[in-house]
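Peer 1: Here it is, the structure, as structure tokens.
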Amino acid sequence: MINSILYFMRLTSWKFNVSRFQMTISICGTCVCTAIILSGCAGMGPQNEAISGGFDFKEWKVGHEALEQNQMITEFVLPGEKIDNWSELFTIHTISKSTAPESIVAFVSGQQKELSKKCPTIDWNEIETQLPPKTKEESILYEWKTKNCPPDADQHEIVRVIYGKFNVFRLSYTAKTKALSPEKREKWIKALSEAETVKW
């Protein structure tokens, strides 16, 4: 399994793990971000912006956390499992936005390209895109599946990227399986769709 250590590169790029698949995404500028989990809200940044909803904290435990200069990642595993041996994983990744961030479409497209390099047979499906003027907040909901891409196990992941005012939030549910059951897939599409940013 790919190492989960995060590190930040100054100027124009940063690297992170997307459900244990390492990839590189370009972002303009450098920022600082801190994040915490508190009272049902996740990913609080320096501008008092957080994500509320998306999943039930009571069903999970923190398996891994990492904080860098402009981002934080928290990975949740099921009770009885560990970050180096999980069957299901829920991840909250918070990245502080630069003054001139790339578009959300370009951001997600970059993830697809990098995952395709890692696993050319990836099955990618965009579920829903919400962009102004239809909505105040930009978000893209998508899923991907990988099969027979050693050394990584088969995986099915559902992801929602939300562009808040101050931060980029990436919420994802991942299972080590060739395909989620229809019921579980719909459950997580609904849960991630209900997540929203809160400010104070």
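Peer 1: How many residues, within segment 135-150, are of a type in the set (V, I, T) and more than 14 Å from K176 (Cα to Cα)?
Peer 2: Of the residues in that region, 2 qualify.
Peer 1: Which one is farthest from G164 (Cα to Cα), of the residues in segment 69-116 that are touching a residue at least 12 places away in the same chain (Cβ under 8 Å) and basic (K, R)?
Peer 2: K82
Peer 1: Shifting gears a bit: When you go through (1) under 20 Å from F107 (Cα atoms); (2) surrounded by fewer than 16 Cβ atoms within 10 Å (Cβ to Cβ) one by one for P151, which number turns out not to apply?
Peer 2: It fails just one condition, (1).
Peer 1: Only one of (1) among the β-branched types (V, I, T); (2) surrounded by fewer than 17 Cβ atoms within 10 Å (Cβ to Cβ); (3) within 16 Å of Y142 (Cβ to Cβ) fails for T91. Which number is that?
Peer 2: Unmet for T91, out of (1) among the β-branched types (V, I, T); (2) surrounded by fewer than 17 Cβ atoms within 10 Å (Cβ to Cβ); (3) within 16 Å of Y142 (Cβ to Cβ): (2).
Peer 1: Go through segment 110-156 and give me each residue that's over 22 Å from W188 (Cβ atoms) and assigned to a helix (DSSP H, G or I).
Peer 2: Correct list: G110, K113, E114, S116, K117, K118.
Peer 1: While we're on this one: I need the full set of residues from segment 161-184 which are in contact with a strand residue (DSSP E or B) (Cβ under 9 Å, 6 or more places away or on another chain) and of a type in the set (G, A, S), in order please.
Peer 2: Result: G164, S172, A175, A179.
Peer 1: For segment 167-196, name all the residues that are closer than 17 Å to T91 by Cβ and part of a strand (DSSP E or B).
Peer 2: N167, V168, F169, R170, L171, S172, Y173, T174, A175
Peer 1: How many residues, within segment 98-117, are more than 13 Å from V159 (Cβ to Cβ) and of a type in the set (A, V, I, L, M)?
Peer 2: 3
Peer 1: Considering only segment 128-146, state which residues are within 15 Å of R170 (Cα to Cα) and of a type outside the set (G, A, S).
Peer 2: Listed by number, the residues that qualify are E128, T129, Q130, E137, E138, I140, L141, Y142, E143, W144.
Peer 1: State which residue is modelled with the lowest pLDDT when the search covers only segment 43-78 and only residues that are at positive phi and surrounded by 20 or more Cβ atoms within 10 Å (Cβ to Cβ).
Peer 2: Residue satisfying both the conditions and the ranking: G43.
Peer 1: Could you list, in sequence order, all residues of segment 162-179 that are under 22 Å from F57 (Cβ atoms) and among the basic types (K, R)?
Peer 2: R170, K176
Peer 1: Just a yes or no: is a residue in segment 88-104 in a helix (DSSP H, G or I), among the aliphatic types (A, V, I, L, M) and modelled with pLDDT of 90 or more?
Peer 2: Looking for residues that are in a helix (DSSP H, G or I), among the aliphatic types (A, V, I, L, M) and modelled with pLDDT of 90 or more, one finds at least one in segment 88-104, hence yes.
The values are calculated or read from the model by the stated rules, or taken from the named source; none is laboratory data. Keep in mind the model is a prediction, meaning the values are calculated, not measured. All Cβ positions, even for glycine, are placed from backbone atoms using ideal geometry, and neighbour counts span all protein chains on display.
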